[in-house]
Amino acid sequence: MSLSEKALLANVPTDLFIGGKWVKGNGLEAIAVEDPATGKVLLEVANANAADGLAALTAADEAQAKWARVAPRERAEILRRTFDLVRERAEEFAMLISLEMGKPLSEARGEVTYGNEFLRWFSEEAVRISGRYGTSPEGTGRMLVAQRPVGPAFAITPWNFPLAMATRKIGPALAAGCTMVIKPAELTPLTTLLLVKTMEEAGLPAGVVNVITTSTSAATSAPIIADRRLRKITFTGSTPVGVKLLEQAAQRVLKASMELGGNAPFLVFEDADLEAAVTGAMLAKMRNIGQACTAANRFIVHESVAEEFGQRLAAKMGELKLGRGIEAETTCGPVINEKARTNIQRLVDASVAEGANVITGGESRDGEGYFFEPTVIDNVKPGSTILSEEIFGPVAPIVRFKTEDEAVALANDTEYGLVSYAFSKDLKRGLRLVESLDTGMTGLNTGLVSNAAAPFGGVKASGLGREGGLEGIAEYLETKYVMTPDPFL
Ligand code: NAD
């Protein structure tokens with residue numbers, strides 16, 4: 001381990017953060033956080049149990065009323081100061097993301113810019129929460145409509161974007177006047193811990209954000225969700241876990257936001273700019289080593305260009321340099337763990353057994369870490385297993401189509417509906433696709449849609465609610481309506 005890595009890790013808190021204090025928790029065995037490129041332990045962090053989870057909720061609840069009354073400008077300033085500090089320390093955050101999650105440093109820098117932007121964006125939104133005042137239709141009263149913070153929120157985040165998934169929830173919650181408990185994924189908790197330490201420096205009052213890291217997510221989360229002091233749950237992760245959490249939330253009629261799994265179709269038409277399509281495909285497929293909810297999971301390509309598209313994509317994939325994310329020459333990191341890698345291999349092998357052919361890659365790489373070769377598979381048959389599950393790895397399956405109707409039907413043939421991508425130079429076709437594709441978001445001639453200013457989210461089994469944009473803060477607000485008699489009567 002180089003000195004700078006040591007110094008970086010020495011600066012990361014490893015305790016729980018409850019009521020403005022770093023505490024050890026109730027002594028369950030510490031969680032070992034691994035570097036997926038080496039399989040070696042980076043740091044050990046505290047392991048919260050159910051009592052610690054409830055203590056965090058108590059702290060959030062006790063801080064709620066006061067935080068809701070803090071002037072919006074002051075709430076905004078805390079977010080903005082954090083944004084400035086994270087920007088100053090961008091390299092530190094990027095390295096930490098790369099170390100615990102495995103993505104190349106260049107991509108980790110991109111995540112810092114993207115993730116940090118949610119803090120700036122919502123610092124700007126905090127002062128724009130508004131209401132309305134009007135005369136009732138019959139003229140006998142005055143009607144006021146106000147927006148109020150919903151109350152303490154519980155945020156559960158996944159491992160794949162350790163900074164952005166936290167800021168996408170912390171930003172709008174704090175801007176709206178909600179306090180929170182956040183539970184990062186046990187695989188990558190370090191970035192959230194460093195972020196909250198940075199928020200402390202930026203003037204975060206005690207109890208407004210509480211962090212619990214735990215290896216017993218279900219047992220620690222369930223009592224929090226069942227507790228009547230909690231008013232909101234916001235989750236990003238897989239659809240099966242989202243369903244479990246929604247079942248628990250339903251028992252309390254809890255306001256819920258769910259950012260769940262995806263199975264993004266990537267459509268390439270015969271009139272597409274193939275160069276742009278391949279560039280877009282690399283972005284949509286390989287960002288985060290294919291481990292993004294927005295990852296292109298199914299390449300649906302017109303039969304007349306499929307051969308060329310496949311070859312060009314395979315050539316680009318073949319150029320990628322696998323390695324530890326923090327090494328300068330690395331352009332593709334490992335996948336997160338052995339379980340993920342075994343699952344990717346299973347999907348690749350199944351598609352070959354079902355009649356597809358591998359153009360490049362197709363295998364795990366021997367040696368330390370959890371590497372899988374960047375892979376392109378052509379002639380995947382509609383109905384194949386690989387088309388119905390999230391691959392979550394560097395594998396691009398190509399399915400060929402003949403007509404636009406067939407392409408749309410293939411694209412929509414999934415329970416998921418997060419994002420779709422379509423490449424065509426024909427504007428009318430592009431707009432037809434935007435209207436026909438059953439997804440919350442579409443990238444038209446681009447492989448990247450994520451932006452703090454945009455309402456990110458899905459339809460169908462991909463979730464409920466939106467994060468970012470003008471819509472993001474609404475998830476943390478409740479509407480309060482007031483009636484009062486006409487003051488002139
Ligand atoms: P996951 O569902 O396994 O875990 C997500 C989080 O939930 C983790 O913090 C985990 O500890 C926690 N968790 C797991 N079981 C729980 C339970 N029973 N009760 C409470 N908490 C529980 O997902 P993951 O593997 O961390 O992330 C990958 C998934 O996340 C993919 O499906 C991906 O598509 C999805 N994702 C979605 C978005 C989006 O915005 N739609 C963004 C990123 C990732």
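Here are the numbers for this structure:
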quantity	calculated
Carbon and sulfur %, accessible surface of the chain computed with the full protein complex present, 1.4 Å	54 percent
Computed FRET value (nearest 0.05) for Lys321 with Arg228, which takes r as the C-beta separation and R₀ as 35 Å	0.10
Å² of accessible area per residue within the chain, as computed with a 1.4 Å probe and no ligands counted	39 Å²
Orientation-averaged projected area, Cα convex hull of the range 264-451 (nm²)	10.1 nm²
Cα shape, the range 104-192, gyration tensor, a/c 1.5 rule	prolate
Of the DSSP H helices in the chain, those whose Cα atoms cover at least 27 Å axially and whose Kyte score averages -1.0 or more	50-69, 105-125
Set of the range 450-487 residues, backbone N closer than 17 Å to the point 7 Å along the Cα-Cβ line of Val253	478-481
Potential extension, Phe488-Asp349 segment - 0.36 nm per residue separation minus Cα distance	42.3 nm
Gain in span if fully extended, Glu270 to Glu91, counting 0.36 nm per residue against the direct Cα distance	60.2 nm
Potential lengthening between Ala65 and Ala50 on full extension [0.36 nm per residue; Cα-Cα distance subtracted]	3.0 nm
The chain pair-distance distribution - Cα-Cα, 10 Å bins, rounded %	4, 20, 28, 25, 15, 6, 2, 0, 0
Protection proxy ranking of 83-93, 474-484 - average other beta-carbon atoms within 10 Å, highest first	83-93, 474-484
By accessible area with a 1.4 Å probe, ligands and nucleic acids excluded, highest first: order of Ser351, Ser388	Ser388, Ser351
Ranking by accessible area, most exposed first, for Glu373, Glu303 with a 1.4 Å probe	Glu303, Glu373
Calculated over the range 351-421: convex hull of Cα atoms, volume per residue (Å³)	106 Å³
Per-peptide average of other Cβ atoms within 10 Å, ordering 199-206, 22-29, 264-271, 167-174 highest first	167-174, 264-271, 199-206, 22-29
Cα coordinate range in the range 208-349, projected on the principal axes (Å, largest first)	58, 36, 34
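The values are calculated or read from the model by the stated rules, or taken from the named source; none is laboratory data. From a predicted model like this one, the values you see are computed outputs, not experimental measurements. Glycine gets a Cβ as well: all are built from the backbone with ideal geometry, and neighbour counts include every protein chain shown. The area values use the complete protein model at the heavy-atom level, side chains included, leaving out ligands, DNA and RNA. Shrake-Rupley method; radii C 1.70, N 1.55, O 1.52, S 1.80 Å.
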